[in-house]
1. Is the stretch 41-52 home to any residue that is assigned to a loop (DSSP other than H, G, I, E, B) and closer than 23 Å to F106 by Cα?
2. For the subset of the stretch 31-48 comprising residues that are surrounded by 11 or more Cβ atoms within 10 Å (Cβ to Cβ) and under 14 Å from D95 (Cβ atoms), which member is modelled with the lowest pLDDT?
3. Filter the stretch 114-140 down to the residues that are touching a residue at least 40 places away in the same chain (Cβ under 8 Å) and among the aliphatic types (A, V, I, L, M) and list them by number.
4. Residues to consider are G82, G105, G88; find the one that is more than 16 Å from R21 (Cα to Cα), out of contact with any Lys or Arg (no Cβ under 6 Å at 6 or more places or on another chain) and touching a residue at least 60 places away in the same chain (Cβ under 8 Å).
Amino acid sequence: MIVSGKRVVTPSDEAAAQRFRYAAIPTEVAQRIRSTLRDDFRNELRVWISDAEGNPCRHCLRMTRPGDRLILFAYRPFATSGPYAETGPIFIHADACARYDGRSGFPEDFTVRALTLRAYGNTERGDISIVDAEVSQPGCASQGLTRLFAAERVQFVHARNQAWGCYDFRIDRATAINIAT
């Protein structure tokens, strides 16, 4: 919960931290992007200097600060192809940063943001589809995740920027996860 612009941990936040795991992009992806300056879609990339706060690094799940070196690249956060396997722009720090520990609870820098939470599951045909979604107001993502994961057919959830739709990170049930995805 957010009170006067500061995050306050509530019992529901602590319970959610035990039920869910939060997955940043894999370190191998971040290292490859940094070393080759090419993404999986053959885009030539460049390092640029942030002139503002708030560009989220999808590897450490921290917001950048003015002066941070960044790389913007196209990313598809799905292991399979299909109509819902979207590709979109994301940022990472150009310099090495530690991957977010998905067992640490909801990424703190994202608690002050409204997020779109998209729940995915398999269709009868076996492909991935969006099965539910909701907009989570700042400080309320834990409640949204609890509602979305109450449906058995939900396999995972993506947190996305509410306005731009950009992928932020993946959320899995703590009991059935592969934190590297």
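1. Checking the stretch 41-52: not a single residue is assigned to a loop (DSSP other than H, G, I, E, B) and closer than 23 Å to F106 by Cα.
2. W48
3. Within the stretch 114-140, A114, L115, L117, I128, I130 qualify.
4. Result: G88 is the single residue among G82, G105, G88 that is more than 16 Å from R21 (Cα to Cα), out of contact with any Lys or Arg (no Cβ under 6 Å at 6 or more places or on another chain) and touching a residue at least 60 places away in the same chain (Cβ under 8 Å).
The values are calculated or read from the model by the stated rules, or taken from the named source; none is laboratory data. From a predicted model like this one, the values you see are computed outputs, not experimental measurements. Virtual Cβ from ideal backbone geometry, glycine too; neighbours counted across all protein chains shown.
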